[in-house]
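Notes follow the structure.
The values are calculated or read from the model by the stated rules, or taken from the named source; none is laboratory data. Here the structure is a predicted model, which is why all the values come from computation and not from measurement. Virtual Cβ from ideal backbone geometry, glycine too; neighbours counted across all protein chains shown. Calculation scope for accessible area: heavy atoms of the full protein, side chains included, ligands and nucleic acids excluded. Shrake-Rupley method; radii C 1.70, N 1.55, O 1.52, S 1.80 Å.
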Amino acid sequence: MMIAPLAFGVLIIIGWPFLDTLWLSLTSAQLTQYTGPFVGLDNFVRAFHSPQVREALQTTIIFVAITVTAEVVLGVLIALLLDQPLYGRNVFRALLILPWALPTVVNAMSWRLIYNPDFGGLNALLTQIGLIDSYQSWIGSPSTALYAIAVADVWKTVPLVAMITLAALQGVSRELLEAARIDGASAWARFRVVTLPAILGPLTVAAVLRTIEGVKVFDLIWVMTRGGPVNSTKTMSIQVYQEAFANFRAGSGAAQGLLIVLVSMIMINVYIALLRRQASQ
Amino acid sequence: MKQPLYLRILLHLAAILVAIVTLAPIVWLLLVSISTTEHLTTLPFEWIPDHLDLSNYRQLLSLADNSRGDLFLGALQNTMIVAFGATAVSLCVSVPAAWAFSRIRGRHASLLYVVVATYMLPPVALIVPLFALLNAFDLLNTKLGLVLVDCSIVMPFMTWLLKSNFDNLPHEIEEAAFVDGAGMLAVLRKVTLPMAKPALATAILFAILLLWDEFFYAFILTNDNRSQTLTVAIANLASGRVSDYGLLSAAGLLTALPPLIIGVLLQRALVSGLAQGGVKG
Amino acid sequence: MFARSKSFGIAFLMLSLGGLMPTVASAETLNALFMSQASYNEDDIRSMTEAFTQAHPGVDVNLEFVPYEGLRNKTLLASNSSNGYDVVLFDVIWTAEYAQRGLLEDVSERIDPAVEDKVFPGAWTTVVYDDKYYGMPWTNDSKLFFYNKAMLSKAGFDHPPRTWQEVADQAETMKEKGIVEYPLVWSWPQAEAVVCDYTTLLDAFGGRFLDDAGKPAFQKGGGLKALDYMVSTLDNGITNPNSTQYLEEDVRRVFSSGKAAFALNWSYMYDLANDPQQSSVVGDVGIMAPPGVEGVSEASGVNGSMGLGVTSNSQHPDLAWQYVQHMASPEMQNSHAERSLPIWVGSFDDPDVVAGRDDLMSAAEKTFTAMIARPTLPNYQEASNLLQVALQQALLGDSPPQDALNSAADQISNLQ
């Protein structure tokens, strides 16, 4: 009885749209009419043959791989650092909340200005300390644009991973660490044997969450590059948006949207498999 | 256990570097927002502006008709209405459901997982039917429509968060109330909720934070200042409509201010919540 | 009988007083969709509409304003609801799509041949698809060529360039003399802007987007030469390399801060580049029609206009058409000419309209005669995306111009 309103709400605004997306993906519906003849798996077949979709899938996977890896590695390093006895440790930890709370669109805009080819802070910094000779076009060049966006994403979400890890580190047994140290275990060995198993669970949860978010990414890229230059930052979400809302092909857009769900599910299963293997070792 | 001095210095330097990188994009935004365009585009770049230019903030906070302030404050109002509205609706739905999931074990557990799993669905996989749904009920470009759709983001997450909090509340007092013959709703209202006040506050703040950040649905489902939210207004400005970067940065910072404050308020709840693994990024 | 003819007489009197009004009594409502921001603003459109409702008692016009991005969505989505719009504003690049979807009424019969000659031929291309007319051109715009007079004379030139070759030559001289690091600035990002700049050059080099059979033809002749020209200016360092990232507003900022000698941009930049609050080159701003190519063309341009049309499911097509005519009339256009350039050739000889803006007006007049439209394809948006990517591939050195254009041409003909 008490669950009914939630069940009803979820059904209306999530369940039904999802089922409808499944149905739409099998039709050639247009956004204007919203109904179209049944075409079977034609939309999926075409999506797999479309160079744009392939490229967007590839870009999405690269983006997720880069950002999640960087976020996990840097997040753990920062957490370990802030777990040390430091003067003002609480201030350092409190700062972590800021990137996490900053709205994504504002983050994207801020980095867009940092990368600006005429007055961007990054260009000013790098020229003044002599690392580059002249101002670069960081998000205007297809070879650097995706990485530049990844940096913005990493900046915003590393703190979350660090906070999760930091919380997990509090559960690591100090006695065990001390005992290992006295036994002469190296820092790396102590991390691998004592610390890592304790933080692996929460870290995997963080990685899964970041993967789901990474596969969905839209606002960050839309504000920074809109998918350009030369489609080098066009991820699946942008591709689906174009297909459904610029080209008005609702059916085909729905099919491509489902591909995103598929990518998400595959990546999450990979993590779970990795976690299982780790656990069984 | 005492660390050698050189290591202590190194660790502090590393922590300071992390702090600088964490603050840099926000400071950059502040810097751009108080500089004139001439100052920004004069090379080599001077990091400290020679005078404080607050005209951007003044413009944004002016109430004159058709001014930038009109646009900005209108979007702010829309964001607030949508965020508070969707939070209120979700709260009404999630509280009883979370309580039921927490107290009535077993039978509906799988339903809870279905609800939580909806988080995996990217908005692009739902957007076409949602768009058609709102179009059919003439709710496109309305705040009401956006409130309803945004509930799809908040409801599952809120139910999950509240459920794990309810799990930790003592059951004895509730049971005593039941023995006294109180109905379910009465127990929930008079006994459980007063105990769960901190959890409710946390859930509300999280929900507002999520909704403040929301971009994709607002971007597709609204198209003018009657219902456009801050994130969409900023994204539109940032992607080419305006070359006035100072104004843009000021708007970004003002938009970020409420979430940043909420973030600081949430610090403690977030860290303890993270320890339980019950928070999404 | 007497009473009736008397009331008829009164009606007739009102009619002649009121102007052109054929039906008076029944209250009718028109729904019209316009754009907020850019060219005519909301106040302009409201005052123009007021003039219409005053002349047509009993007629109501509901105005709705959306940003440019929302115009096409709104129009397409309202097309199968019965209480949709009667009058819609549309960009030149959507005409083919709207026409093919049967969304706009064919008004070829309604346009007076006498009126036809008074409007710039380039402006008419805004509303024509397949030789049929789907409305009246309303806002009129093209990319124009801006130059910095001070830099020009400092480099020792006594006249602005007359051909694109001369643009390159003068720019090289300026660069050599150290007057400005990158003399040329354009808007060449992955966006519609790059297609507009390319179209201007394609026009100058005598190219065509589509051949007579409607197949892509931009990959050869003038279309190829245009892209070759763009790439060459990047290669020899006279074009600001950040152009591949700049939108129109960036071009304005660079030109207005004195960091470019030549720029291609829409007409709106003229007033803003002369505004001391926003520009440091006030008084040095020269404007002209984009140049031509020796032996091929005198001038060039790209149609960036918008049209007003009557939807085919309008309940009041006659009244709606009157409203369109009113909004596009010389009176309305001339009295708001500071926002959007008129479509009427005669306006450019009207001293009231030209006053104080002679340079802009004469540049625009020449361009409006020369300008061409971007390809009129029903799925323009998609074709344009493909073309944008191809242009950027060449500009960023990822592939030779010929290959990039060939691949775009192939993909676009597959769409058809």
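Side notes on the structure shown:
- Failed condition for A:Ala207, given (1) open to solvent by less than 50 Å² (accessible area, probe 1.4 Å); (2) over 19 Å from A:Ala70 (Cα atoms): (2)
- Here A:Ala101 meets the list (1) closer than 27 Å to C:Tyr246 by Cα; (2) within 18 Å of the chain's Cα centre (by Cα) almost entirely, failing just condition (1).
- Residue match in the range A:178-192 (condition: closer than 28 Å to B:Ile262 by Cα, open to solvent by 10 Å² or more (accessible area, probe 1.4 Å) and out of contact with any strand residue (DSSP E or B) (no Cβ under 9 Å at 6 or more places or on another chain)): no
- When we screen B:Phe84, B:Phe72 for residues that are in contact (Cβ under 8 Å) with a residue 12 or more places away in the chain, under 23 Å from B:Ala218 (Cα atoms), buried (at least 20 other Cβ atoms within 10 Å of the Cβ) and in the same structural domain as B:Leu248 (by TED's automatic domain parsing), the only hit is B:Phe72.
- Per the listing A:Leu6, A:Leu31, A:Leu24, the residue uniquely buried (at least 16 other Cβ atoms within 10 Å of the Cβ), facing another protein chain (nearest Cβ under 9 Å) and in contact with a Gly (Cβ under 7 Å, 6 or more places away or on another chain) is A:Leu24.
- The requirement of being among the hydrophobic types (A, V, I, L, M, F, W, C), assigned by TED's automatic domain parsing to the domain that holds C:Gln315 and closer than 11 Å to C:Ser305 by Cβ is not satisfied by C:Val107.
- Summed over the range B:221-238, residues that are within 10 Å of chain A (Cβ to nearest Cβ), open to solvent by less than 20 Å² (accessible area, probe 1.4 Å) and either at pLDDT below 90 or at positive phi (or both) total 4.
- When C:Val185, C:Val128, C:Val180 are checked against the criterion of being among the β-branched types (Val, Ile, Thr) and farther than 22 Å from C:Tyr270 by Cβ, C:Val128 stands alone in meeting it.
- Of the helices (runs of 4 or more DSSP H) that lie entirely inside the range C:61-146, those containing 1 or more residues that are farther than 25 Å from B:Gln228 by Cβ and in contact (Cβ under 8 Å) with a residue 40 or more places away in the chain span C:95-100, C:121-124.
- Test: residue in the range B:65-87 that is farther than 23 Å from B:Val232 by Cα and modelled with pLDDT under 80: no
- Members of the range A:91-132 found to be touching a helix residue (DSSP H, G or I) at 6+ places or on another chain (Cβ under 7 Å), outside any helix (DSSP H, G or I) and not hydrophobic (A, V, I, L, M, F, W, C), listed by number: A:Pro103, A:Tyr115, A:Pro117, A:Asp118, A:Gly120
- Residues that are facing chain B (nearest Cβ under 7 Å) and either modelled with pLDDT of 95 or more or open to solvent by 10 Å² or more (accessible area, probe 1.4 Å) (or both), drawn from the range A:88-98: A:Phe92, A:Ala94, A:Leu95, A:Leu98
- Taken over the range C:131-149, the criterion of being open to solvent by 40 Å² or more (accessible area, probe 1.4 Å) and over 16 Å from C:Met269 (Cβ atoms) is satisfied by C:Asp131, C:Lys132, C:Tyr133.
- Top-ranked residue in the range A:239-259 [being in contact with a Leu (Cβ under 6 Å, 6 or more places away or on another chain) and facing chain B (nearest Cβ under 7 Å); ranked as nearest to A:Val45 (Cα to Cα)]: A:Ala254
- Residue in the range C:250-261 that is in contact (Cβ under 8 Å) with a residue 12 or more places away in the chain, more than 14 Å from chain A (Cβ to nearest Cβ) and not charged (D, E, K, R) present: yes
- Restricting attention to the range B:88-110 and to residues that are within 7 Å of chain A (Cβ to nearest Cβ) and without any contact (Cβ under 8 Å) to a residue 60 or more places away in the chain, the residue that is least open to solvent (accessible area, probe 1.4 Å) turns out to be B:Ala100.
- The residue that is modelled with the highest pLDDT, among those in the range A:246-281 that are touching a helix residue (DSSP H, G or I) at 6+ places or on another chain (Cβ under 8 Å) and among the hydroxyl-bearing types (Ser, Thr, Tyr), is A:Ser252.
- Filtering B:Phe137, B:Phe131 for residues that are buried (at least 22 other Cβ atoms within 10 Å of the Cβ), among the aromatic types (Phe, Trp, Tyr) and within 14 Å of A:Trp16 (Cβ to Cβ) leaves a single hit, B:Phe131.
- B:Trp28 falls short on exactly one of the conditions (1) over 30 Å from A:Gly75 (Cα atoms); (2) not assigned by TED's automatic domain parsing to the domain that holds B:Phe166, and that condition is (1).
- Qualifying residue in the range B:134-147 (condition: of a type in the set (D, E, K, R), facing chain A (nearest Cβ under 10 Å) and either under 18 Å from the mean Cα position of the chain (by Cα) or closer than 23 Å to A:Met236 by Cβ (or both)): no
- Qualifying residue in the range A:56-73 (condition: more than 25 Å from A:Tyr271 (Cβ to Cβ) and either without any contact (Cβ under 8 Å) to a residue 40 or more places away in the chain or touching a strand residue (DSSP E or B) at 6+ places or on another chain (Cβ under 8 Å) (or both)): no
- Residue count, the range A:260-274 (criterion: at the interface with chain B (Cβ under 10 Å from one of its Cβ atoms), touching a residue at least 40 places away in the same chain (Cβ under 8 Å) and surrounded by fewer than 23 Cβ atoms within 10 Å (Cβ to Cβ)): 2
- Single residue of the range C:277-304 satisfying the filter (within 12 Å of another protein chain (Cβ to nearest Cβ) and open to solvent by 20 Å² or more (accessible area, probe 1.4 Å)) that is nearest to C:Ala123 (Cα to Cα): C:Gln278
Rundown of residues vs (1) open to solvent by 10 Å² or more (accessible area, probe 1.4 Å); (2) of a type in the set (Phe, Trp, Tyr), yes/no style:
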| residue | (1), (2) |
| --- | --- |
| C:Glu172 | yes, no |
| C:Ala193 | no, no |
| C:Leu201 | no, no |
| C:Lys220 | yes, no |
| C:Tyr229 | yes, yes |
| C:Thr233 | no, no |
| C:Pro241 | yes, no |
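- Counted residues, the range A:148-177 - those being of a type in the set (Ser, Thr, Tyr) and open to solvent by 20 Å² or more (accessible area, probe 1.4 Å): 1
- Any hit, the range C:309-317, residues being open to solvent by 30 Å² or more (accessible area, probe 1.4 Å), in contact (Cβ under 8 Å) with a residue 12 or more places away in the chain and within 25 Å of C:Ala193 (Cα to Cα): no
- Criterion (without any contact (Cβ under 8 Å) to a residue 12 or more places away in the chain, more than 22 Å from C:Ile238 (Cβ to Cβ) and within 19 Å of the chain's Cα centre (by Cα)) met by exactly one of C:Ser267, C:Ser329: C:Ser329
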